[in-house]
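First up is the structure itself, then whatever we jot down about it.
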Amino acid sequence: MNTDYRPPASSVILRPLVLALLLAATACASVQPPHRDHLDAADARLAQCARWFEALDAAVAHSGVADIEARRVKGFPYLRIDRFLASMKQDARDDALLRNAWIEEMRARDADGRRVEIANLATAQVDRLGAANRQELAQRTQQCAQRLLAADVADASTQASLYRRAFVADDYSTLKRGLGLYELTRIPFYAGVEAWQEGVEETFAQARRGELPSAALRRYVPPAAPVFERQQVAAILARATAHPLGLPRLSAVERERLFATYAPVFEIETGGDFDRIGRLGWDAALAPRVDVAQPVVYRRLGYTRSGQRTLLQLVYVAWLPERPLENRFDVLGGHLDGVVWRVTLAPDGEPVLFDSIHPCGCYHMFFPTPRLQPLPAPRPSMEWAFIPAALPAIAESERLVLTLRSRSHYLANVRPATATTGTIYDFAEYDELRTLPLPQGGTRSLFGPDGLIAGTERGERFLFWPMGIASPGAMRQSGTQATAFVGRRHFDDADILEKRFRLRY
């Protein structure tokens, strides 16, 4: 984290001795080819760029500011990959045009990760790298990335290495599952999952009958803004067919209006500030806090695949200060809580699937519309696709209203509605959470190098570790959210829809 608040040095000459020490700090790490070969390359500029990435990575590690929203590709320090891009690997191998776009997107993921890490670097580390400022660090990093990329794409054996390493390891520990006798302990765990699911189904049934407790409700509605008609969304998504990966290139205005078009309404049983949504920041002790005086919903884009099609996803994240402890034996309560709501769009602009988790990756629920046919699980007794309620086709004039319970913030109902009034929330970019301003200057990511939010640990981690998830119940970063205790599933799995549903186009 950036805890040195001195202003950046205006000009610093590279200190070879300090650079050598930074390199030595990472010497014990396993360096994979082609990067290992570049370090000793006869081309002096190529070797210098390889050593630059070694020094930068050492500084990032020393400052504890590594970002894993996209994962690094071993041997290729200028590339990062997420699960969507990993799913395109085989197609990229067979198609030169697609391969170039695929590598370009991995370059973009790394540039984004480097931007975050450089912004959060301790000032002392910026000085030691010999840069006048952070912008200079970023420029040199991008220049060296292009040089290394040019060398690597010209070599067939190096491309073969890239295909082997272009994957995202799942967020489950096979070792923990082995030590926890997973094949045995999964049976009582799944019984617990089924009991929770039955409780949720009953809650949704009560909501449909109007029998939920009459707690005070606070409703949060999106800001008044222009929205799209479905045919306009379809025209925007149709442009994606021109991109080799099927990615829509959205203007700032289009992006703004898309999020406004499908934004949900949050209706929360409110028994205290712990049930109010707000903006994230740091308190004086540098712990994350939610300012409930500023109702905010964070947003980001996502992508999934259905056959050979790429489908656009809109993700909305609302944060709450805590899930309060019910008693001294409560293992589920703790600091920070939230709800994540995702909208998956068909190519014609119609929302066809909604799903939700808490930021811990917990409580994954699916809400399909009539255009999706659920598919059976490949084996019994595994978390596959829990559907507490199917939804009708959503009219253009309707928004979905999400009802959350007090304290636990469990979803209790999802229903379409037309006119809604309430407290207006603002939008903020989820990306802001990776460089949150510190009270005394500088920035720090809400998420640690492991993707977890420090201080949000739950007592359940002492009971649920045999399922193989790191710190179950803790809040975590997008791209690191395992969503099943029994089985293996991630919120950002590129095949999460096509494995579980058949889409009627």
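Here r is the Cβ-Cβ distance between Ala132 and Glu211 and R0 is 56 Å; the resulting FRET efficiency, rounded to 0.05, is 0.30. Here the relative contact order of the chain, from alpha carbon pairs under 8 Å that lie six or more residues apart, stands at 18 percent.
The residues of the range 203-264 have, on average, 52 Å² of accessible surface per residue, using a 1.4 Å probe with all protein chains present.
Bridging of Lys89 to lysines at a Cα separation below 19 Å is possible for Lys74, Lys499, once same-chain residues fewer than 8 apart are set aside.
Our coupling estimate for the range 53-65, obtained by passing each phi through the Karplus curve with A = 6.51, B = -1.76, C = 1.60 and θ = phi - 60°, is 5, 4, 5, 5, 5, 5, 5, 4, 5, 4, 7, x, 10 Hz, Gly and Pro reported as x.
Go ahead and collect, in residue order, the members of the range 125-155 whose backbone nitrogen is under 16 Å from a label point 7 Å along the Cα-Cβ direction of His62. Taking a point 7 Å out along Cα→Cβ of His62, the residues of the range 125-155 whose backbone N falls under 16 Å are 125-134, 137. Annotation: peptides 355-364, 41-50, ranked by per-residue average of other Cβ atoms within 10 Å with the highest first, follow the order 355-364, 41-50. Taking 0.36 nm per residue of sequence separation and removing the Cα-Cα distance, the Arg461/Gln90 pair yields an extension gain of 129.9 nm.
What's the magnitude of the charge dipole for the chain around its Cα centre, counting Lys and Arg as +1 and Asp and Glu as -1 at the beta-carbon? Answer in Debye, nearest 20.
Working: 62 positive and 59 negative charges, 115 e Å.
With only Lys, Arg, Asp and Glu charged at Cβ, the dipole is about 560 debye.
Taking label points 7 Å from Cα along the Cα-to-Cβ direction, Ala42 and Gln159 give a separation of 2.4 nm. Compared with the dominant Cα axis of the chain, that is its longest principal axis, helix 156-165 is turned about 40°.
For the ranges 218-225, 296-303, what's the packing order if you count other beta-carbon atoms within 10 Å of each residue, average per peptide, and put the highest first? Working shown, then result.
Values: 218-225: 15.8, 296-303: 20.0.
Top of the packing list down: 296-303, 218-225.
Annotation: extensible slack from Leu301 through Leu181 equals 39.4 nm (criterion: 0.36 nm per residue apart, minus Cα-Cα distance).
Summing -39500 (n - 2.57) over the DSSP H runs of n ≥ 4 in the chain and dividing by its residue number, what mean residue ellipticity at 222 nm do you reach, to the nearest 500 deg cm²/dmol?
Details: 15 runs with 168 residues, N = 505.
Value at 222 nm, helices only, nearest 500: -10000 deg cm²/dmol.
Per the Kirkwood definition applied to all pairs of different Cα atoms, how many angstroms is the hydrodynamic radius of the chain?
On the way: mean 1/r = 0.0411 Å⁻¹.
Evaluated over the chain, this radius sits at 24.3 Å.
Label-to-label distance, Leu436 versus Leu375, with points set 7 angstrom from Cα along the beta-carbon direction: 3.8 nm.
For the range 255-366, what is the convex hull (Cα atoms) projected area averaged across all directions, in square nanometres?
Details: hull surface 36.5 nm².
The Cα convex hull of the range 255-366, projected and averaged over all directions, gives 9.1 nm².
Estimated from the Cβ-Cβ distance and a Förster radius of 45 angstrom, the FRET efficiency linking Gln146 and Met382 is about 0.50.
Rounded to the nearest 5, what % of DSSP beta bridges with both residues in the chain are antiparallel? Spell out each step's value before the answer.
Values: 54 of 64 bridges.
So the antiparallel bridges in the chain amount to around 85 percent.
Annotation: extensible slack from Glu350 through Asn327 equals 3.9 nm (criterion: 0.36 nm per residue apart, minus Cα-Cα distance). Axis of helix 182-208 versus longest Cα principal axis of the chain: the two differ by about 50°, to the nearest ten degrees. For the range 162-279, carbon and sulfur atoms together expose 57% of the accessible surface, with a 1.4 angstrom probe and every protein chain in place.
Applying the Karplus relation 6.51 cos²θ - 1.76 cosθ + 1.60 with θ = phi - 60° to the range 479-487 yields 3J(HN,Hα) values of x, 10, 9, 6, 10, 9, 7, 10, x Hz, where x marks Gly and Pro. For the range 235-344, the list of GluC sites (Glu not before Pro) that fall in a loop by DSSP and count at most 13 other C-beta atoms within 10 angstrom reads Glu326.
Principal-axis analysis of the Cα atoms of the chain puts helix 16-25 at an angle of about 50° to the longest axis.
The values are calculated or read from the model by the stated rules, or taken from the named source; none is laboratory data. Since the structure is predicted, the reported quantities are computational estimates derived from the model, not experimental observations. Glycine also receives a Cβ, built like all others from the backbone with ideal geometry; neighbour counts cover every protein chain displayed. Calculation scope for accessible area: heavy atoms of the full protein, side chains included, ligands and nucleic acids excluded. Shrake-Rupley method; radii C 1.70, N 1.55, O 1.52, S 1.80 Å.
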